[in-house]
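Read the structure below first, then the notes.
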Amino acid sequence: MSAYRKPLPAVDDLNRPFWEGVRRRELRLLRCEGCGGYRFRSFRLCPKCGGDKATWVETSGKGTIWSYGIFHKAYFEGFKDEVPYNVVLVELAEGPRLYTNLVGARNDQIRIGMPVEAVFEDVTPEVTLVKFKPAG
Amino acid sequence: MPDKQLRGRIAVAGVGNTAFGKLYGNDPYDLGARALKEALADAGLSRDDIDGLLVSRIPDYQRFGEMMGLNPRFAGITPGQGRMSGASIELAAMAIHCGMAKTVALVYGNNGRTAGDRYGGEGDRYGSGGAGPWFPYGMTSPGAVHAIMFQRHAHLYGTRSEQLAHIAVAFRRHAGLNPSAVMRDPITVADHQASRYICEPLHLLDYCLINDGGVAIVLTSAERARDLRKPPVYIRGFAQATRLSESYVPPDDFWRAPLEAVAGDVYAMAGAGRDDMDALMIYDNFSPTVLFSLEGFGFCPVGEGGRFVEGGRLELGGRLPTNTSGGHLSESYMQGWALNVEAVRQIRGECGARQVTDAGLVQYICAAPLVTSIIYGKEPS
């Protein structure tokens with residue numbers, strides 16, 4: 001098996017629970033214990049209410065495509081053999097958005113508003129990424 | 001809104017720039033220093049007259065001050081982000097107004113071309129906290145963010161890539177009339193459509209040009225400017241608003257909320273409306289930003305930017321000459337600085353073949369998470 005050459009997530013103390021969740025096939029968000037708001041960004045304080053207590057919770061893994069782009073230029077060596085590849089901006093049912101890739105559909109089948117659901121891809125023995133596929 | 005009493009109280013005394021392109025052997029300090037020499041000569045001032053210094057993209061204000069032998073009373077630095085050109089000019093105006101300095105040198109130096117800046121990939125620092133979290137998915141570059149925003153605009157309003165082409169064609173035509181512009185050969189809508197995709201739906205000709213160059217602007221009080229070499233170009237109005245919350249992803253409204261807020265403030269301060277503008281300088285890092293700017297400032301209804309830019313409306317001779325220098329798409333990507341200089345030169349009537357007839361009011365607009373606008377005028381009020 002050839003080595004995985006794409007960039008890997010930069011895991012730190014703040015986002016480690018997210019990546020540990022992905023490893024277990026859970027898409028987690030931080031949920032503020034003060035206002036109940038979800039956030040994708042692993043800030044210590046809630047951007048909505050300033051509360052400093054939040055819990056990582058598993059989400060539905062469902063969302064819709066907010067928009068997308070097709071990369072024809074490979075800015076990373078590891079993506080050179082994949083162009084043109086898609087990047088989709090998914091709006092989760094819980095509210096927050098994240099950039100990811102759509103799998104299980106051709107680039108010309110991607111539509112804004114398309115319902116999608118999370119899938120988990122083990123890219124190295126240690127690292128899993130969360131991608132999305134058309135909701136079935 | 002800034003105090004309306006500031007209308008016409010601050011003026012541009014001098015502007016200067018280096019050539020644009022590949023300028024081997026010049027770091028950002030050198031480029032800034034060369035531009036500042038030009039701006040001081042333009043104003044008829046010497047280094048000793050400078051008592052305020054704001055540098056941008058130049059990495060260290062202290063080293064720049066040492067290099068130039070300056071001991072200003074007021075000094076500062078802004079990061080090398082395009083939105084910071086307008087913000088820096090506004091900050092300098094405030095410093096002069098409140099007595100922190102009498103004459104502020106604003107200095108920008110960019111050696112991105114020879115230094116190999118790519119605005120995508122491992123070095124990408126664009127966005128809130130940088131783009132690093134998205135690298136595993138191949139998401140990188142400010143161009144891709146704007147491509148994704150434009151895709152959404154197209155979905156909501158039916159905007160088409162061919163409409164963006166009219167922006168690129170207009171600015172290239174202007175660049176053909178500007179001896180300093182880097183890309184001067186005319187292009188057509190078909191050329192735009194045939195240029196390769198970078199991040200689809202954006203083509204190569206929707207992207208700005210990475211180049212080397214330096215730009216400097218000298219600001220002072222209107223009273224002082226009247227005694228200097230060139231006629232003053234008055235700052236009639238300026239304003240700022242932001243959309244920083246949740247800005248790790250693009251906003252739902254294409255920055256319309258901060259754009260509308262700035263529009264309301266800047267026109268009120270200037271005592272003039274959008275229909276009074278003789279030319280526009282719109283921050284065109286990517287062509288869709290021009291649409292977002294025109295819609296947010298009310299030049300056309302929301303969603304109609306694509307139709308608005310068709311038919312040569314933004315070209316010299318059209319109703320709303322925009323980016324008469326060629327802008328970032330065709331002159332050089334000087335991150336808003338050279339667009340502000342072009343506004344000044346239009347007001348002074350120094351633009352030769354690309355001169356707008358009787359340019360009395362020229363507006364700079366930058367649509368970004370930090371929105372700015374500055375209205376320059378031939379008359380103080």
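Report the dimensions of segment A:16-134 along its three principal axes from the alpha-carbon atoms, largest first, rounded to Å.
45, 33, 23
What chymotrypsin sites (Phe, Trp or Tyr not before Pro) does segment B:1-80 have in DSSP loop regions with at most 15 other beta carbons within 10 Å?
Qualifying residues, ordered by number: B:Tyr24.
Please name whichever of A:Ala105, A:Val90, A:Phe40 sits farthest to the positive end of the charge dipole of segment A:16-134, dipole taken about the Cα centre and charges placed at Cβ: Lys and Arg +1, Asp and Glu -1.
A:Phe40
Over 20 Å apart: what share of the alpha carbon pairs of segment A:47-113 falls there, rounded to a whole percent?
For segment A:47-113, the fraction of Cα-Cα distances above 20 Å is 44 percent.
In percent, what relative contact order does chain B have, based on Cα pairs under 8 Å that are 6 or more apart in sequence?
25 percent
So, counting K/R as plus one and D/E as minus one, what does the shell of residues with Cβ under 14 Å around A:Arg5 add up to?
Net charge around A:Arg5: -2.
Taking the Cβ of B:Asp30 as the center, what net charge do the other residues with Cβ under 15 Å away carry, scoring Lys and Arg +1 and Asp and Glu -1?
+1
Size of the dipole of segment A:16-134 about the Cα centre, Lys and Arg at +1 and Asp and Glu at -1 on the beta carbon, nothing else charged, in debye to 20?
340 debye
Once the principal axes of the Cα atoms of segment B:288-377 are found, what is the range along each, listed largest first in whole angstroms?
35, 29, 24
What order do you get for A:Lys131, B:Lys102 when you list them from fewest to most C-beta neighbours inside 10 Å?
If I rank by nearby Cβ atoms, fewest first, I get B:Lys102, A:Lys131.
For the protein assembly as shown, state what percent of all Cα-Cα pairs lands in each successive 20 Å bin, counting from 0 Å until the bin that includes the largest distance.
For the protein assembly as shown, the binned pair fractions read 23, 52, 24, 1 percent.
When the helices in chain A are scored as -39500 (n - 2.57) per DSSP H run of 4 or longer and the sum is shared across all residues, what 222 nm value do you end up with, to the nearest 500 deg cm²/dmol?
Per the formula, -1500 deg cm²/dmol.
May I ask you to derive the relative contact order of segment B:1-138, considering only C-alpha pairs under 8 Å and at least 6 residues apart, and to give it as an integer percent?
Once normalised by length, the contact order is 28 percent.
Can you tally the net charge around B:Asn17? Count Lys and Arg as +1, Asp and Glu as -1, for every other residue whose Cβ sits under 12 Å from the Cβ of B:Asn17.
Taking every Cβ under 12 Å from that of B:Asn17, the sum is -2.
With both bridge residues required to lie in chain B, what share of the DSSP beta bridges run antiparallel, to the nearest 5%?
70 percent
Out of all Cα-Cα pairs in segment A:78-136, roughly what percent, to the nearest whole number, are more than 19 Å apart?
31 percent
Go through A:Lys62/A:Lys131; A:Lys80/B:Lys22; B:Lys37/B:Lys230 and tell me which ones have a Cα-Cα distance over 18 Å in this structure.
Check vs 18 Å cut-off fails for A:Lys80/B:Lys22.
What three numbers, in Å, describe the spread of the alpha carbons of chain B along their principal axes, ordered from the longest?
Here the Cα extents, ordered largest to smallest, are 53, 43, 41 Å.
Bear in mind that the values in this text are calculations on the coordinates, not laboratory data. Here the structure is a predicted model, which is why all the values come from computation and not from measurement. Neighbour counts run over all protein chains shown; Cβ positions are idealised from the backbone, glycine included.
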